[in-house]
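Trainee: Sharing a structure, written as structure tokens. Questions coming.
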Amino acid sequence: MHLDHDHTHSDAAAVSADAHRPDGRRRALRIGLGGPVGSGKTATVAALCRALRDELSLAVVTNDIYTREDAEFLLREAVLPPERITAVETGACPHTAIRDDISANLEAVEDLEDEVGPLDLILVESGGDNLTATFSRGLVDAQVFVIDVAGGDDIPRKGGPGVTTADLLIVNKTDLARYVGSDLARMAADAKAQRGELPVVFQSLRSEEHVAPVADWVRARYAAWAAAAA
Amino acid sequence: MSRAALLILADGRFPAGGHAHSGGAEAAVKAGRVTGAPSLEDFCRGRLHTTGLVSAGLAAAAALGADGRAALDEAVDAHTRSLALRTAARKLGRQLLRAGRATWPSPELDALARAFPKGAHQPVVLGTTARAAGLGPADAAYCAAYETVSGPATAVVRLLGLDPFEATAVLARLGADLDEVAAAAVRAAHRVPEEGLHALPAASAPLLEIGGEAHAAWPVRLFAS
Ligand SMILES: Nc1nc2c(ncn2[C@@H]2O[C@H](COP(=O)(O)OP(=O)(O)OP(=O)(O)O)[C@@H](O)[C@H]2O)c(=O)[nH]1
Ligand SMILES: [Mg+2]
């Protein structure tokens, strides 16, 4: 990742992916979560906050399409103090706000660092979108694509930038597979064919194991980020 | 000066946050005032000769002068009664400043960012950015004026499912009005050194301000303003 390039803008807001804050401190690791509507992005964000909030200084940015539902859900569930959750309005186009024009999201992450920092990790949730919606590398350092078994077991086969290139693919709601007739083995084989060595986690937030494998993946990303700073 | 810089700055895909704003169109659609291409044209013409003229004057003045940007920014605060619209304009100014600094690095843009860490008003930033890009006051005025109509036109395509060709034809029909507004804005900006900020246009659009306030309080909306 070319995040450590020299930045000539030494004052005021840093420009997108600079790994350092204007004051020279290293900024928080930013992880994006995208995927189709209702696949379990907010539920995963909430679970990650609960799993990680005692070990990392966390904040969340949500990108809703036309409401503040995601932010309000997280507030209601009290997964983090309210000042650590910011909602960005996307003008009917979440993929624009996370990829083509990331300025509002960058502002949100910078304001969070200014107001509640120092932060270790910021989770950026995209509004539910289509299979081509991915995050700009100017906004996030790593991205997670969340699909679910109920959206059709042919989604991994169809591929698309999210399924194919995300740093982590989550296939969520495995508890529902037997009710909707989804073939998990086939999904796993198709995902492997599309993604090669990139990791895939099959998850059910209704199970005992819950978000643990994804939380471990996040911990590993954070450890690598922190090590690069040292 | 490169003419291409004007195309880059005026391009709707320039990543400065505009896509999330409807320029008052969402409120006007909900109120039943914009229902199709003819009423979109009326709406845009009204916005152009009020908000558009004011923004174009500010942008032209900012493009002309290195000093006095803080005073221009204050003038916008004084002129815009709606807090919701002032907030939106600062937000857009901050986003444009980020894009402008990355695209055309300049000490003047850096200074503006230092003076306004949470954003100066968008037309002031636009004029300063135009200057950093090697453009003049007329270019800045055209960009500002055009944005006040292109934003609502694109938003109405999303809000009403309006035929995008019809929406674009509306913009083309506003060409003469755009020329007129940009010319008036530039004339006014040139008078600022002698006459002060009073020389700048101060037309207002009360219904846009009322609509902007109401819109900001909606619990469910597609656009930020
Ligand atoms: N059965 C089951 N339901 C789940 C699981 N994960 C999430 N859900 C439910 O799926 C629904 C949608 O979850 P969200 O987390 O809101 O989905 P989202 O991807 O954030 O949705 P949008 O933001 O609207 O795109 C909610 O009712 C969740 O409780 C799971 O592992 N199993
Ligand atoms: Mg969600």
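Trainee: Counting residues in chain B as N, plug N into 2.2 N^0.38 Å and put the Cα Rg over that result. Don't skip to the answer; put the middle values down first.
Mentor: Numbers: Rg = 16.2 Å, N = 225, 2.2 N^0.38 = 17.2 Å.
Computed over Cα atoms of chain B, the ratio equals 0.94.
Trainee: What dipole magnitude, in Debye to the nearest 20, does the protein assembly as shown give about its Cα centre under +1 on Lys/Arg Cβ and -1 on Asp/Glu Cβ?
Mentor: Working: 45 positive and 58 negative charges, 62 e Å.
Using Cβ point charges on Lys, Arg, Asp and Glu, the protein assembly as shown gives about 300 debye.
Trainee: If each residue of separation counts as 0.36 nm, what is the full-extension length gain between residue B:187 and residue B:203 once their alpha-carbon separation is subtracted?
Mentor: Values: separation 16, 0.36 × 16 = 5.76 nm, distance 1.54 nm.
Here the segment from residue B:187 to residue B:203 would lengthen by 4.2 nm.
Trainee: Among A:181, A:213, A:35, pick out the residue whose Cα is farthest towards the positive end of the charge dipole of chain A, where Lys and Arg carry +1 and Asp and Glu carry -1 on C-beta, about the Cα centre.
Mentor: A:181
Trainee: When every alpha-carbon pair in region B:96-193 is counted, what percent end up more than 24 Å apart? Kindly include the intermediate steps, with their values, before the conclusion.
Mentor: Values: 1711 of 4753 pairs.
Looking at region B:96-193, the distances longer than 24 Å represent 36 percent of pairs.
Trainee: Remind me, relative contact order of region A:120-230 in percent, using alpha carbon pairs under 8 angstrom and six or more residues apart? All intermediate terms of the calculation are to be shown ahead of the outcome.
Mentor: Numbers: 135 pairs, mean separation 27.3, N = 111.
The normalised contact order for region A:120-230 reaches 25 percent.
Trainee: Which number do you get for Rg(Cα) / (2.2 N^0.38 Å) in region A:99-230? Write down the numbers at each step before the final one.
Mentor: Details: Rg = 16.1 Å, N = 132, 2.2 N^0.38 = 14.1 Å.
It is 1.15.
Trainee: I've got another one for you. Provide the buried accessible surface between chains A and B in square angstrom, both chains summed, 1.4 Å probe, rounded to the nearest 100. Can you show the working numbers first?
Mentor: Values: alone 10550 and 10610 Å², together 19060 Å².
Between A and B, the summed buried area is about 2100 Å².
Trainee: Tabulate in residue order the Karplus-calculated ³J(HN,Hα) for region A:177-182, using 6.51 cos²θ - 1.76 cosθ + 1.60 with θ = phi - 60°, rounded to whole Hz; enter x for Gly and Pro.
Mentor: In residue order, the calculated couplings are 4, 6, 7, 9, x, 8 Hz.
Trainee: I'd like the Karplus ³J(HN,Hα) series for region B:149-158: coefficients 6.51, -1.76, 1.60, θ = phi - 60°, whole numbers in Hz, and an x wherever there's a Gly or Pro.
Mentor: Result, ordered by residue: 10, 5, x, x, 5, 5, 4, 5, 4, 6 Hz.
Trainee: Please compute the Kirkwood hydrodynamic radius of the protein assembly as shown from all pairs of different C-alpha atoms, in Å with one decimal.
Mentor: Its Kirkwood hydrodynamic radius stands at 23.2 Å.
Trainee: Which value, in Å², gives the accessible area per residue of the protein assembly as shown when a 1.4 Å probe is used on the protein heavy atoms? Could the numbers behind the result be given before it?
Mentor: Values: 19060 Å² over 455 residues.
I get 42 Å² per residue for the protein assembly as shown.
Trainee: Sticking with this structure for a sec: Which residue, B:85, B:58, B:160, tops the fluctuation ranking in a GNM of chain B built on C-alpha contacts under 10 Å?
Mentor: Of B:85, B:58, B:160, the most mobile in the Gaussian network model is B:160.
Trainee: OK, next. Measure nothing fancy, just the Cα-based angle from helix B:53-64's long axis to the longest principal axis of chain B, in degrees from 0 to 90, nearest 10.
Mentor: 20 degrees
Trainee: What pairs in A:158/B:91; B:30/B:91; A:41/A:192 have C-alpha atoms more than 31 Å from each other? Please list the in-between numbers first.
Mentor: Working: A:158/B:91 39 Å; B:30/B:91 24 Å; A:41/A:192 22 Å.
The answer is A:158/B:91.
Trainee: Hey, could you grab the Kirkwood Rh for chain A? Inverse mean 1/r over distinct alpha carbon pairs, Å, one decimal. Can you show the working numbers first?
Mentor: Values: mean 1/r = 0.0561 Å⁻¹.
Hydrodynamic radius (Kirkwood, Cα pairs) of chain A is 17.8 Å.
Trainee: First measure r as the distance between the Cβ atoms of residue B:214 and residue A:57, then evaluate 1/(1 + (r/R0)^6) with R0 = 56 Å and state the FRET efficiency to the nearest 0.05. Before the final figure, lay out each step's value.
Mentor: On the way: r = 38 Å, r/R0 = 0.68.
That gives a FRET efficiency of 0.90.
The values are calculated or read from the model by the stated rules, or taken from the named source; none is laboratory data. Since we're looking at a predicted model, the values are computed, not measured. All Cβ positions, glycine included, derive from the backbone under ideal geometry; neighbour counts span all protein chains shown. For the accessible areas, the whole protein counts, side chains as well, though only heavy atoms, and no ligand, DNA or RNA atoms are used. Shrake-Rupley method; radii C 1.70, N 1.55, O 1.52, S 1.80 Å.
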